[in-house]
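Shown next, in structure tokens, is the structure this report addresses.
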Amino acid sequence: MDTIIIENLNKIDESAKQFLSYFSEPQVVAFHGEMGAGKTTFIKAICKQLDVVDVVNSPTFAIVNEYETERNDLVYHFDLYRMENPEEALDIGFEDYLYSGRWCFIEWPEIASQYLPKEIVQIKIEEQEKGKRKVSFIE
């Protein structure tokens, strides 16, 4: 898989479409990156391409947000940043979401890494010069 360069926010939808073109079915995707790297912004763009009808926000306080698409499918968005220990993930039914067969986008996945499936898409987002973002697939 290629590296995706997000030139600017005006081109983020193209980058999200490119990202989704790599997959024929929903995936569990772990997003790695520094605070402010653009994880939530890129997930919002991906959700837009998936025809999510709900408002996409960072689920920092809720830990998980559930979004509905135009086709009445569900997309799950996790932000594990505020979790104090990995067991909190189990309290919200983390594994049920991960094995649901639906898109699952996880920010700060390191916190609950022991519960992540072996088959997971690992992404790193890095800020570049002039506001660009580099989206890399981690093997």
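A short reminder: the numbers here are calculations on the coordinates, not readings from a lab. Not measured: the values here are computed from a predicted model. Neighbour counts are summed over all protein chains in view; Cβ atoms, including those assigned to glycine, are modelled from backbone coordinates with ideal geometry.
The alpha carbon centroids of region 101-124 and region 9-55 are separated by 14 Å. How about K134: which lysines have a C-alpha closer than 19 Å to its C-alpha, ignoring those fewer than 8 places off in the same chain? Reachable lysines: K11, K17, K39, K44, K124. Each Lys or Arg adds one and each Asp or Glu subtracts one; over the other residues with Cβ under 14 Å from the Cβ of F61, this totals -3.
In this simple spin-label approximation, E129 and E87 carry label points 7 Å from Cα along the Cα→Cβ vector, and these lie 4.9 nm apart. In this calculation the C-beta distance from F23 to Y99 is compared with R0 = 25 Å, giving a FRET efficiency of 0.90. What you get for region 7-137, charging only the Cβ of Lys and Arg (+1) and of Asp and Glu (-1), is a dipole of about 620 debye around the Cα centre. Charge dipole of region 79-127 (Cα centre as origin; +1 on each Lys and Arg Cβ, -1 on each Asp and Glu Cβ, all else neutral): 240 debye, rounded to the nearest 20. Restricted to Cα atoms, the chain shows a radius of gyration and a Dmax of 14.1, 41 angstrom.
Ordering F94, F61, I123 by the projection of their Cα atoms onto the charge dipole of region 49-132, which places +1 on the Cβ of Lys and Arg and -1 on the Cβ of Asp and Glu, puts I123 at the extreme positive end. From least to most packed, judged by other beta carbons within 10 angstrom and beginning with the fewest, K44, K118, K134 follow the order K118, K134, K44.
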